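The values are calculated or read from the model by the stated rules, or taken from the named source; none is laboratory data. Please read these numbers as outputs of a predicted model, since none were measured by experiment. Cβ sites come from the backbone with ideal geometry, for glycine too, and all protein chains shown count toward neighbours. Accessible surface is based on the protein model in full, side chains and every heavy atom, while ligands, DNA and RNA are left aside. Shrake-Rupley method; radii C 1.70, N 1.55, O 1.52, S 1.80 Å.
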Amino acid sequence: MRMKRMLPLSVLLFAILAGGCSKSEETAGTGGGPVWKPAGNEGNINGAISFAGEAPAAKKQDASSDSACGEVVLDDVIVNGGKLQNVFVYVKSGLPEANFAVPEVAVSLDQKGCRFSPRVIGVQAGQLVSVSNSDPTNHNVHPIPRVNKEWNESQLAGQGPIKRKFTKPETMIQVKCNQHAWMTAWIGVLSHPFYAVSDASGSFAILGVPPGEYEIEAWHEKFGAKTMKVKVEPRGEARADFAFSPSVAAAPGSLTMAPAMVIR
């Protein structure tokens with residue numbers, strides 16, 4: 001009799017747990033609303049980042065304090081053939097209210113030649129960031145967020161990767177190395193996967209964007225931020241080209257962005 005009375009309670013408990021697991025799967029991600037699933041009519045946003053004017057000359061960093069670093073050339077501004085590298089471009093507004101599943105694969109950030117590589121990366125909130133040390137010297141990885149939790153961890157030569165997550169959207173997070181003051185990287189943390197970083201040719205591509213009208217922002221650590229309105233048609237290819245120039249450069253060491261420019 002006792003076991004018969006306990007059976008309904010066990011069944012009820014199982015149903016609650018099963019329902020909880022199902023709900024967790026449906027709301028995986030960091031946004032609001034239901035889990036977003038591609039409908040098959042998504043489009044892309046392609047573009048290039050131009051640099052108007054004379055490109056700044058490459059600067060060598062005095063790295064004599066650590067002989068293992070060798071010659072270090074600063075990479076805060078990289079211009080190739082009038083195109084600007086390392087610009088973080090992302091959908092700033094206009095996306096449907098939804099949860100975007102967090103990728104299981106980690107985003108890699110290396111320390112090589114006493115520089116962070118890549119200098120600019122994007123991740124989704126909750127996605128793993130794997131920081132490696134390929135140098136024969138010690139480093140100290142120190143992200144400086146305003147919204148997420150700050151952390152500061154030493155990484156010895158030959159040590160395995162440091163794996164961490166940023167749980168809240170935040171653009172942009174500066175990463176420093178307390179061992180080598182010139183080392184800097186930037187991490188854009190978003191609630192969705194619609195972002196890209198301009199490559200050596202200044203090009204970028206944001207893929208699989210739902211049809212709609214969006215505000216796109218392009219951000220550079222020295223030249224601030226600019227925005228543009230774009231419309232993505234079903235299975236369409238939207239274009240978003242940006243141009244930066246030295247006249248809008250932020251003060252050295254400042255994180256203040258230049259006022260956004262809306263281009264129609």
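Could you tell me which of the residues Gly208, Gly188 is part of a strand (DSSP E or B), exposed (fewer than 15 other Cβ atoms within 10 Å of the Cβ) and in contact with a strand residue (DSSP E or B) (Cβ under 8 Å, 6 or more places away or on another chain)?
Result: Gly208 is the single residue among Gly208, Gly188 that is part of a strand (DSSP E or B), exposed (fewer than 15 other Cβ atoms within 10 Å of the Cβ) and in contact with a strand residue (DSSP E or B) (Cβ under 8 Å, 6 or more places away or on another chain).
Here is a list: Gln179, Gln155. Which entry is open to solvent by 30 Å² or more (accessible area, probe 1.4 Å) and in contact (Cβ under 8 Å) with a residue 24 or more places away in the chain?
Exactly one of Gln179, Gln155 is open to solvent by 30 Å² or more (accessible area, probe 1.4 Å) and in contact (Cβ under 8 Å) with a residue 24 or more places away in the chain, namely Gln179.
Looking only at segment 223-237, how many residues end up being under 15 Å from Ala205 (Cα atoms), open to solvent by 10 Å² or more (accessible area, probe 1.4 Å) and touching a Gly at 6+ places or on another chain (Cβ under 7 Å)?
So the answer is 3.
Among the residues of segment 110-131, is there at least one that is among the β-branched types (Val, Ile, Thr) and under 20 Å from Gly158 (Cα atoms)?
yes
Being outside any strand (DSSP E or B) and either in contact with a Cys (Cβ under 9 Å, 6 or more places away or on another chain) or in contact (Cβ under 8 Å) with a residue 60 or more places away in the chain (or both) is the filter here; which residues of segment 83-107 pass it?
Residues satisfying the conditions are Gln85, Asn86, Val87, Gly94, Leu95, Pro96, Glu97, Ala98, Phe100, Ala101, Val102, Pro103.
Name the single residue that is surrounded by the fewest Cβ atoms within 10 Å (Cβ to Cβ) among those in segment 52-79 being within 27 Å of Pro193 (Cβ to Cβ) and not aliphatic (A, V, I, L, M).
The qualifying residue surrounded by the fewest Cβ atoms within 10 Å (Cβ to Cβ) is Asp76.
Just one of the numbered conditions (1) surrounded by fewer than 23 Cβ atoms within 10 Å (Cβ to Cβ); (2) within 16 Å of the chain's Cα centre (by Cα); (3) under 30 Å from Gln155 (Cβ atoms) is not true of His220; which one?
Every listed condition holds for His220 apart from (1).
So, Gly202, is that one modelled with pLDDT of 95 or more, touching a strand residue (DSSP E or B) at 6+ places or on another chain (Cβ under 6 Å), open to solvent by less than 20 Å² (accessible area, probe 1.4 Å) and under 30 Å from Glu150 (Cβ atoms) or not?
no
Answer yes or no: is there a residue in segment 119-134 that is surrounded by 15 or more Cβ atoms within 10 Å (Cβ to Cβ) and over 20 Å from the mean Cα position of the chain (by Cα).
Taking every residue of segment 119-134 in turn, none turns out to be surrounded by 15 or more Cβ atoms within 10 Å (Cβ to Cβ) and over 20 Å from the mean Cα position of the chain (by Cα).
Give me the residue from segment 211-241 that is small (Gly, Ala, Ser) and in a loop (DSSP other than H, G, I, E, B) and, out of that set, nearest to Gln85 (Cα to Cα).
Per the stated criteria, the residue is Ala240.
Look through segment 158-176, keep the residues that are in a loop (DSSP other than H, G, I, E, B) and open to solvent by 80 Å² or more (accessible area, probe 1.4 Å), and return whichever of them is farthest from Val107 (Cα to Cα).
Ranking the qualifying residues of segment 158-176, first place goes to Lys168.
I need a count of the residues in segment 55-82 that are in a loop (DSSP other than H, G, I, E, B) and hydroxyl-bearing (Ser, Thr, Tyr).
Counting residues in segment 55-82 that are in a loop (DSSP other than H, G, I, E, B) and hydroxyl-bearing (Ser, Thr, Tyr) gives 2.
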